[in-house]
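First up is the structure itself, then whatever we jot down about it.
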Amino acid sequence: MIHAEAPALEIVNLRKNYRRLEALRGVDFVLQRGERLAFLGPNGAGKTTLIRALAGRTRPTAGTIKVLGHPIHSIGARQALGLVPQDLALYGDLTTRENLFAFGKFHGVPRRELKKRVAWALDWTGLKDRAGDLVAGFSGGMKRRVNLACGVLHRPKIILLDEPTVGVDPQSRQRIFTMLDQLNEEGASILLTTHHLDEAEQRSDRIVILDQGRVIADGTIDELVLSTVGHSRLVKVRIDRPLVAPVTVPGGGSVRSYQVGIAGREMIETRIDDVAVDLAPFLQAVRKDGYMVSDMEVHAPSLHHVFLHLTGNELRD
Ligand SMILES: Nc1ncnc2c1ncn2[C@@H]1O[C@H](COP(=O)(O)OP(=O)(O)OP(=O)(O)O)[C@@H](O)[C@H]1O
Ligand SMILES: [Mg+2]
């Protein structure tokens, strides 16, 4: 087949204007086959607009989208994609089972296969007991789980999820990710947007950060950390009495001697590059000045720091 080696998604210079508002201002990225990509960005960054464009729900102003090498509006592309939208798209006056059957038929799942898929979906959503109840009467988290099941029932090769775990309890969230891992192991590529940075950190191979319609970062967590906040660790030690004067940590190796701590505080903070080498001299210096260390925390840079570094502290909208 010609497109055997094409990536799952290939997006070039994607633009979307809503009148004068530029929601997407030239977005480029690739989703590799089998990859799990997390899309992050402040409110209004353009994440939903992008997902809707990828799913063919909104027409881009410019740019190209290729799905497994096929143009976006081809049958091949349509069949390959599964969308779990941010705004719930369910039939409230149908039961859970009826919704699942309706979406399955819509996606062309053969009837015999469909029964199995519906049973599978009811199992991982934990909604077996509510299979015959009308969806309109469900809690927000339950609706979201049905919404998710409807989007992945046909086992698409590429799954687009727009904030799939909003309002979902920790147990269900775990199940959702176990289910996504299963589909991923079977070869599905996953693109999800989320505001849960811990989720993105643990559940993705690569991160793309969108801000004001542009990609402002694209890489693995390690790459993003290194190119923004760096790999140094923040170390905090609690001491048994207020510090009288800053502590001098002697130099060694490539490190010069330095001073830490603020007089009057019972907490000393510093940054070190290499925990194995630099931590011991720091603690020894604190003890040498006559303080007992009662507690210690070491903070590695996280996606949270990267995100704030890149997108700032200002509210967006
Ligand atoms: N149908 C629409 N008509 C007009 N403007 C729109 C429409 N959809 C989105 N926008 C605008 O496009 C911009 C991007 O919105 P979008 O929903 O893509 O952001 P988002 O990154 O998904 O945000 P959130 O994290 O809040 O879900 C916003 O300024 C929004 O107001
Ligand atoms: Mg959104």
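The values are calculated or read from the model by the stated rules, or taken from the named source; none is laboratory data. Quantities reported herein were computed from a predicted structural model and do not represent experimental measurements. All Cβ positions, glycine included, derive from the backbone under ideal geometry; neighbour counts span all protein chains shown. For the accessible areas, the whole protein counts, side chains as well, though only heavy atoms, and no ligand, DNA or RNA atoms are used. Shrake-Rupley method; radii C 1.70, N 1.55, O 1.52, S 1.80 Å.
Counting only the backbone N, which residues of segment 130-155 are under 19 Å from the spot 7 Å out from the Cα of R112 toward its beta-carbon? Residues 154-155 fall inside that zone.
Placing R0 at 41 angstrom, the Cβ-Cβ distance between E186 and S227 gives a FRET efficiency of 0.80 after rounding to 0.05. Taking the convex hull of the alpha carbon positions in the chain and averaging its projected area over all directions gives 21.7 nm². The residues of the chain expose on average 53 square angstrom of accessible surface per residue, using a 1.4 Å probe on protein heavy atoms. Probe radius 1.4 Å, ligands and nucleic acids ignored: give me the carbon and sulfur share of the accessible area of the chain as a rounded percent. For the chain, the apolar C and S fraction of the accessible surface comes to 50 percent. Charging the Cβ of each Asp and Glu at -1 and of each Lys and Arg at +1, and nothing else, the dipole of segment 151-301 about its Cα centre rounds to 420 debye. If R0 is 41 Å, the Cβ-Cβ spacing of K105 and A300 corresponds to a FRET efficiency of close to 0.25. Projecting the alpha carbon convex hull of segment 1-73 along each direction and taking the average yields 5.1 nm².
Once the chain from R15 to A280 is taken as fully extended at 0.36 nm per residue, the excess over their C-alpha distance is 90.2 nm.
If r is the Cβ-Cβ distance from D218 to R173 and R0 is 25 Å, what FRET efficiency results, to the nearest 0.05? Calculated value: 0.45. To the nearest Å, what is the center-to-center distance of segment 240-317 and segment 27-56, using C-alpha atoms only? For segment 240-317 versus segment 27-56, the Cα centre distance is 37 Å. Based on the reciprocal of the average 1/r between different C-alpha atoms, the Kirkwood radius for segment 233-300 equals 11.9 Å. Distance between the 7 Å Cα→Cβ label points at E98 and A245: 8.1 nm.
Of the GluC sites (Glu not before Pro) found in segment 115-224, those that fall in a DSSP loop while having at most 14 other beta-carbon atoms within 10 Å are E186. Once all protein chains are placed together, H107 keeps about 60 Å² accessible to a 1.4 angstrom probe. Taking the longest Cα principal axis of the chain as reference, the axis of helix 96-106 is set at about 70 degrees. Taking each of K105/K157; K105/K143; K47/K157; K16/K116; K66/K143; K116/K157 in turn, the alpha-carbon distance tops 29 angstrom for K16/K116; K66/K143. With respect to the chain, whose longest principal axis is taken over its alpha-carbon atoms, helix 140-152 is tilted by about 60°. For M292, the accessible area of its heavy atoms, probed at 1.4 Å with every protein chain present, is near 120 square angstrom. Principal-axis analysis of the Cα atoms of the chain puts helix 111-125 at an angle of about 30° to the longest axis.
Multiplying each eigenvalue of the alpha-carbon gyration tensor of segment 89-204 by 5 and taking the square root yields semi-axes of 22, 17, 12 Å, largest first, rounded to whole angstroms. Have a look at the DSSP beta bridges in the chain and tell me what percent are antiparallel, nearest 5. Within the chain, antiparallel bridges account for around 70 percent of the total.
Above 19 Å, the calculated P(r) of segment 167-317 contains 65 percent of its Cα-Cα pairs.
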